[in-house]
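The block underneath contains the structure these notes are about, expressed in structure tokens.
The values are calculated or read from the model by the stated rules, or taken from the named source; none is laboratory data. Worth saying up front: this structure is predicted, and the values here are computed from it rather than measured. We place every Cβ from the backbone using ideal geometry, glycine too, and count neighbours over all the protein chains shown. Just so you know, the surface numbers come from the protein's heavy atoms only, side chains and all, with ligands and any DNA or RNA stripped out. Shrake-Rupley method; radii C 1.70, N 1.55, O 1.52, S 1.80 Å.
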Amino acid sequence: MKLISLHDALNLVQNGCNIVTGLGAAEARAFMGEVHTLAGKVKDISITNCLPMGVHAYMNEEFSDTFRVNGWFYCPALRDAHPNGNISFIPNHLHLAGVKRLAHMRPTIYIGAATKPDRHGYVSLSVSNTYERKMVDAADIVILEINPNYPRTFGDVELSISKIDYAIEVDYPVPVLPDAVVSDKDKKIGGYIAEHINDGDCIQLGIGKIPNAVAEALAGKKDLGVHTEMLTSGLMKLAKQGVITGERKNLHRGKMVATFILGTQELYDFANDNPAVCIMDGFYVNNPSVIGKNDNQVSINTTLEIDLTGQCCSESIGPRQFSGTGGQADTAIGAQRAKNGRSFIALYSTAQVKNAEGERVPISTIVPMLKQGAAVSLSRNDVDFVVTEYGVAALRGTSIQERAERLINVAHPDYREELAKTARELMYL
């Protein structure tokens, strides 16, 4: 491992480079914050990222002739930059994201965040190994931003400095994702889901206010386990309360298994040097066959819109990319493969949208058909429980008629009559 300056690292970028950076807080913030300065010096640069936490200039329209940006999961910065014409989404299931990308192109440079080396000469990739280690192994050049503020985690994130070509010493804080304040509506949904979770269950929680509310509602449970894509602040709080012990897990007993960490500084402090936190390759963690080996596995995710047959659009608003599939299908399918496993998809019964006059008006999120161009993130074949603030619809094994009836029953009352009328016209009822 050779220590170099940020300037020297940027000079390693040549025409036609394929650059991959880490997910979320594992993004190389110093490098990505300055890579736009190469515009005019190099050309045809591809950058692949996932849920980047920084808002960087290379995404701007003025640099679109130099940089093509491809993202596995959109965040506000990528959504805002998409109209510039150089931003595109990579459809994926999280456990195959890195594998399939490597089948398409090899990274010239992998650059991401890591801890300082320990006394044995190992760094930790710290807050993510969703695809990072696979990219390290495949890249022509490996550059790590060595940061004393990053938590040292264990699992399969440890990396010998002999595997690293170059290192840049940096000192920025780990990007935080503040805890969202949950509403009464969130708490109601969280309560419904918590009623279906038993002592000793192994859980996966997604991102957002509803999963945070679920975590709060689980405070009275015992001996929960964790096998999840994202280790959240809500799960950390349950571990501190003694609710999560992992003592009844089939795989990695006593460990909170995840593929990345994103949340508050308290979460990062909790994960630092904590042998109970196990950060492993996303290809393994999110593999439905692996997930299904944990008895009583429960997945809890959210969606934006669901049609009366059970198709879930969780990542786009019509054709406009909003976020990503992530591990929703991975975890929903994996949980249902488990002995006594369950999968929950939660959503508010209504959403606020702008009408032709620019006024915000409510619409139903349970609809006869998804919006034109909407991405189906979770197939109707794979949906299990659907939860709104009006109750729980159990869809596993049901017919289209039964699904339509049950989903209408948990829709907002103001829309039930119209939904039933349209369902009859479509011959669902």
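Being open to solvent by less than 80 Å² (accessible area, probe 1.4 Å) and under 14 Å from Ala215 (Cα atoms) is the filter here; which residues of the stretch 171-185 pass it? Can you show your working first?
First pass over the stretch 171-185, keeping only residues open to solvent by less than 80 Å² (accessible area, probe 1.4 Å): 172, 174-177, 179-180, 182-183, 185.
Answer for the stretch 171-185, where residues must be open to solvent by less than 80 Å² (accessible area, probe 1.4 Å) and under 14 Å from Ala215 (Cα atoms): Asp179, Ala180, Val182, Ser183.
Somewhere in the stretch 297-310, is a residue within 17 Å of Cys202 (Cα to Cα), not in a strand (DSSP E or B) and not β-branched (Val, Ile, Thr)? Walk me through how you get there before you give the answer.
Residues of the stretch 297-310 that are within 17 Å of Cys202 (Cα to Cα), as a first pass: 297-301.
Cutting the leftovers down to not in a strand (DSSP E or B) gives us none.
Looking for residues that are within 17 Å of Cys202 (Cα to Cα), not in a strand (DSSP E or B) and not β-branched (Val, Ile, Thr), one finds none in the stretch 297-310, hence no.
If you go through the stretch 218-233 and keep only what is touching a helix residue (DSSP H, G or I) at 6+ places or on another chain (Cβ under 9 Å) and crowded, with 22+ Cβ neighbours inside 10 Å, you end up with Leu218, Leu224, Val226, His227, Thr228, Glu229, Met230, Leu231, Thr232, Ser233.
Among the residues of the stretch 16-47, those identified as free of Cβ contacts under 8 Å to residues at least 40 places away in the same chain and among the small types (Gly, Ala, Ser) are Gly33, Ala39, Gly40.
Here is a list: Lys221, Lys249, Lys237. Which entry is farther than 18 Å from Cys278 by Cβ and in a loop (DSSP other than H, G, I, E, B)? Result: Lys221 is the single residue among Lys221, Lys249, Lys237 that is farther than 18 Å from Cys278 by Cβ and in a loop (DSSP other than H, G, I, E, B). Can you name the residue in the stretch 66-82 that is out of contact with any helix residue (DSSP H, G or I) (no Cβ under 6 Å at 6 or more places or on another chain), assigned to a loop (DSSP other than H, G, I, E, B) and within 23 Å of Ala139 (Cα to Cα) and, of all such residues, is least open to solvent (accessible area, probe 1.4 Å)? Out of the qualifying residues, it is Thr66.
Can you tell me which of Val181, Val170, Val142 is of a type in the set (Val, Ile, Thr), under 19 Å from Asn18 (Cα atoms) and in contact (Cβ under 8 Å) with a residue 12 or more places away in the chain? One residue alone meets the criteria, Val142. Return the residue satisfying two criteria in turn: it lies in the stretch 83-93 and is more than 22 Å from Thr130 (Cβ to Cβ) and out of contact with any helix residue (DSSP H, G or I) (no Cβ under 6 Å at 6 or more places or on another chain), and of such residues it is most open to solvent (accessible area, probe 1.4 Å). Ranking the candidates gives Pro83 first.
Would a scan of the stretch 116-125 turn up a residue that is more than 23 Å from the chain's Cα centre (by Cα), among the hydrophobic types (A, V, I, L, M, F, W, C) and at pLDDT 95 or above?
First, pick out the residues of the stretch 116-125 that are more than 23 Å from the chain's Cα centre (by Cα): 116-123.
Okay, now just the ones that are also among the hydrophobic types (A, V, I, L, M, F, W, C), so 123.
Restricting the remaining residues to those that are at pLDDT 95 or above gives 123.
The answer is yes; a qualifying residue exists.
With respect to Lys188, is the statement that it is modelled with pLDDT of 95 or more and open to solvent by 10 Å² or more (accessible area, probe 1.4 Å) true? Spelling it out, Lys188 is indeed modelled with pLDDT of 95 or more and open to solvent by 10 Å² or more (accessible area, probe 1.4 Å).
For the stretch 25-41, enumerate the residues that are open to solvent by less than 30 Å² (accessible area, probe 1.4 Å), among the hydrophobic types (A, V, I, L, M, F, W, C) and either under 15 Å from Met53 (Cα atoms) or outside any helix (DSSP H, G or I) (or both).
Quick first cut of the stretch 25-41, residues open to solvent by less than 30 Å² (accessible area, probe 1.4 Å) only: 25-28, 30-33, 35, 38.
Within this subset, residues satisfying the condition of being among the hydrophobic types (A, V, I, L, M, F, W, C) are 25-26, 28, 30-32, 35, 38.
Residues satisfying the conditions are Ala25, Ala26, Ala28, Ala30, Phe31, Met32.
Looking only at the stretch 383-397, which residues are under 23 Å from Thr331 (Cβ atoms) and in contact (Cβ under 8 Å) with a residue 24 or more places away in the chain? If you could, list the steps in order and put the result at the bottom.
As a first pass, look at the stretch 383-397 and keep what is under 23 Å from Thr331 (Cβ atoms): 383-389, 391-397.
Across the stretch 383-397, the qualifying residues are Val383, Asp384, Phe385, Val386, Val387, Thr388, Glu389, Gly391, Val392, Leu395, Arg396.
Does Asn92 satisfy being at pLDDT below 95, more than 24 Å from Leu6 (Cβ to Cβ) and out of contact with any Leu (no Cβ under 6 Å at 6 or more places or on another chain)? Walk me through it before giving the result.
On the way: at pLDDT below 95: no; more than 24 Å from Leu6 (Cβ to Cβ): yes; out of contact with any Leu (no Cβ under 6 Å at 6 or more places or on another chain): yes.
Against the criterion (at pLDDT below 95, more than 24 Å from Leu6 (Cβ to Cβ) and out of contact with any Leu (no Cβ under 6 Å at 6 or more places or on another chain)), Asn92 does not qualify.
Picking from residues in the stretch 368-410 that are out of contact with any strand residue (DSSP E or B) (no Cβ under 9 Å at 6 or more places or on another chain) and part of a loop (DSSP other than H, G, I, E, B), the one that is surrounded by the most Cβ atoms within 10 Å (Cβ to Cβ) is Glu389. Inside the stretch 42-65, residues that are hydroxyl-bearing (Ser, Thr, Tyr) and either part of a loop (DSSP other than H, G, I, E, B) or open to solvent by 20 Å² or more (accessible area, probe 1.4 Å) (or both) make up a count of 1.
Among the residues of the stretch 296-305, are any free of Cβ contacts under 8 Å to residues at least 60 places away in the same chain and crowded, with 24+ Cβ neighbours inside 10 Å? Can you show your working first?
Filtering the stretch 296-305 down to residues free of Cβ contacts under 8 Å to residues at least 60 places away in the same chain leaves none.
Within the stretch 296-305 (the criterion being free of Cβ contacts under 8 Å to residues at least 60 places away in the same chain and crowded, with 24+ Cβ neighbours inside 10 Å), the answer is no, since none of the residues qualifies.
Considering the conditions (1) assigned to a helix (DSSP H, G or I); (2) surrounded by fewer than 22 Cβ atoms within 10 Å (Cβ to Cβ); (3) of a type in the set (Val, Ile, Thr), Thr331 is excluded by exactly one of them, (2).
Note on the stretch 338-361: residues that are free of Cβ contacts under 8 Å to residues at least 40 places away in the same chain, over 18 Å from Ser316 (Cβ atoms) and assigned to a strand (DSSP E or B) amount to 2.
Of the numbered conditions (1) modelled with pLDDT under 95; (2) basic (Lys, Arg); (3) closer than 22 Å to Gly98 by Cβ, Lys354 fails exactly one; give the number of that condition. Going through (1) modelled with pLDDT under 95; (2) basic (Lys, Arg); (3) closer than 22 Å to Gly98 by Cβ one by one, Lys354 breaks only (3).
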